[in-house]
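Read the structure below first, then the notes.
The values are calculated or read from the model by the stated rules, or taken from the named source; none is laboratory data. These numbers come from a predicted model, not from an experiment. With ligands, DNA and RNA removed, areas are computed over all heavy atoms of the protein, side chains included. Shrake-Rupley method; radii C 1.70, N 1.55, O 1.52, S 1.80 Å.
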Amino acid sequence: MKNCERLSTIESEIRRAVTSGAYDQTILLLSSYSRLLETELQENSLQGDELARLMVSTNEFLARTLCMVSTARAHDAVRLTELLSVSLYRRPEANRSHSWQLEG
C-alpha cells in the first residue's frame, strides 16, 4: 500500500508545519492528506480490522493536529496581547507627537 506510506510522510510534514507555525502550509498538506486518504479508501478494498485501524489512526491524527493548531494559535494570541500591553506606543505616558507636528 504505497499510499499508506505517503500518508505517513504527509503526517510527518503536517507535524513539522504545525510545530513551526506554518499554518498556510498545514492547510495545503491537510488537503493533500484528505485527497490521498480518499484515494486509498477507494482503490483498496480495506475491510475489517485494517479499515478500522486506518479510520482510528486517521481520526486520532486529525484530532491531535486540531489540538496542536488550536493550542499554538491560542499561545500566539496570548503572546501578542502581552506584547501590545508593554508596547511604548500603547502606554498613555508615551510621547504621542508625530514628526509632522514638531516645530523646527
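Out of all the residues in the range 8-23, which are modelled with pLDDT of 85 or more and either farther than 13 Å from residue 70 by Cα or not in a helix (DSSP H, G or I) (or both)?
8, 9, 10, 11, 12, 13, 14, 15, 16, 17, 20, 22
Going through 73, 79, 96 one at a time, which residue ends up being modelled with pLDDT of 55 or more, assigned to a loop (DSSP other than H, G, I, E, B) and open to solvent by 90 Å² or more (accessible area, probe 1.4 Å)?
Result of the check over 73, 79, 96: 96.
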